[in-house]
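Every read-out reported here was derived from the displayed coordinates using simple, explicitly stated rules and does not represent laboratory data. None of the values given here were measured: they were computed from a predicted structure. Cβ: placed from backbone, ideal geometry, glycine included. Neighbour counts: every protein chain shown.
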Amino acid sequence: MKFTGFELRRVAMPLVTPFRTSFGVEHARDVLLVKAVGDQAEGWGECVASYAPLYSSEYTDGAVEVIRRYLLPALGQLSTVDATGAERTFARFKGHPMAKAAVQTAILDAELRAAGMPLSAYLGATKPAVPAGVSVGIMDSIPQLLDAVSSYLDGGYLRIKLKIEPGWDLAPVRAVRERFGDAMLLQVDANTAYTLADARHLAQLDAFDLLLMEQPLPEDDVRGHAELARHLRTPICLDESITSARAAADAIALGACAIVNIKPGRVGGYLEARRVHDVCAANGIAVWAGGMLETGLGRAANVALAALPNFTLPGDTSASDRYFARDITRPFVLEDGHLRVPTGPGIGVDPDPDALGEVTTSVDWLPL
Ligand code: NPQ
Ligand code: MG
C-alpha cells in the first residue's frame, strides 16, 4: 500500500484506580496512538511505552522522537510499505521496540483492513474468545487488597496476578490464599524487584501453589533466573527479559523459564510476538498475553494474539473497565470470564470519535 502519512496522537486516560507496581505508581495513562493513513485503508497502533522509563528504557516522548526522526523517514525511502517491510527497515535502528511496534501495528492494521482479514486470522488464532486474568497492584493494606481481589473475582476474572516487591510478598499471597481458597488461579509479578540473594525468601512462596512467579530478577539476569529456578518449585515466567524470539530461545535453553509472558510492544510488534509464541510452542513452553494498560485499540490486538493455540494460560487481557471509566473504543467486557476476539478486518475495532476527542491532548500529522 501507499501511505500518505502518519498521525501521532497523544491521549491522557485517567485510571479508575492508581496502579502501583514495584517500579512506580501510575495514576493516568499517557498514550501515544499512531494512525497510518494509506490509499486503501487506515490503521491504528498503540504505543505501550509509559511516560517514564521505569518498566523498560522506553518512554512516550522518546518514542515520538524516534518515530518522527528515524522510523518514518526510513519508511519514506520505500516505494511501497507493508508490515514485513517496515520490520526489516526498522531493524537497523537499535532498540525502541515499543515505538517500532506501534508503527508496524498501524501499518499491519491498514493492510489487513484493505484485505478484509481479521488480525486474529492473520496471526493463526484458533479461539473465538480468550480467558481473562487481572493484574492487581500493590496496596496500602491487606484488607484493601482482599477487597480488590474479591471484586475482581465477583466480576468473573479467572485468574489473579498480585504485584509483589520486597515487603509485600508473603503476607499478601498468604492472605489471598486464606480468604479465597486453593482452587483459584493465582500468580505473582515482581517486575525485577529481587536479587538471587532473595532465593530462600522467594522459596517460601512455594507453599502457596502459585501458577508462576513472573520476572523476579533484573531483565539482563537470565542466568540468575536459571539458578533461582533450581531453588523454587514455583515455575518461573519471564516478561522483561524476553525481548525477542532469540532471547526466548536462549532463556529456554538456559532453563531460566518454564513459562513466557508475551507483550508485542516489548518484542517490537505482532510479527515477532508470533515468533516468540512459535519458539515457545516448539519447546513445550506455555505462553500467555501480557498487558500494558492498553486502550481498546491495543487491547483488541492483544486479544487477537491471545487466541493463538499456545496461549494456554489466562492473560492480563482484562476488560476495559479494569482500567478506564470510558474506553476510546466499544468497551471490552467479560463474558463468562472471557473476552471475545474481534471478528472484523484488522484489529476489528475503531475509536469512537467523541471519546477519542475528549482524551486527546495533541495531534501531529507527519506526511510520508
Ligand atoms: C507487567 N503489566 O506485566 C505490566 C507492568 C506494567 C498489567 O501488570 C504504564 C505502562 C503502566 C506500562 C504498569 C501489568 C504500567 C505498564 C504496569 C506496565 O509487568
Ligand atoms: Mg510483568
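Observations, loosely collected:
- Summary of the geometry: region 294-323 and region 237-275, compared by the centres of their Cα atoms, lie 17 Å apart.
- Helix 142-155 and the longest principal axis of the Cα set of the chain meet at an angle near 60°.
- Value of relative contact order over region 121-340, rounded to a whole percent, pairs C-alpha under 8 Å and six or more apart: 23 percent
- Whole-angstrom gap from region 175-235 to region 125-164, using each part's C-alpha centre: 17 Å
- Cut-off under 5 Å, modelled amide H: who pairs with residue 346 long-range: 113, 117, 119
- Taking every C-alpha pair closer than 8 Å and separated by at least 6 residues, the mean separation divided by the residue count of the chain gives a relative contact order of 22 percent.
- Under 22 Å from the Cα of residue 35 - lysines, other chains or at least 8 residues apart: 2, 100, 263
- Peptides 135-147, 354-366, 100-112, 41-53 ranked from most to least packed give 100-112, 41-53, 135-147, 354-366, packing being the mean of other C-beta atoms within 10 angstrom over each peptide's residues.
- Each stretch of four or more DSSP H residues adds -39500 (n - 2.57); spread over every residue of the chain, this sum gives -10000 deg cm²/dmol at 222 nm.
- Rounded if a/c under 1.5, otherwise prolate or oblate - region 121-340, Cα gyration tensor axes: oblate
- For the chain: rounded, prolate or oblate by the Cα gyration tensor [a/c cutoff 1.5]: prolate
- Remark: the residue 195-residue 174 segment gains 5.4 nm on full extension, using 0.36 nm per residue and subtracting the alpha carbon distance.
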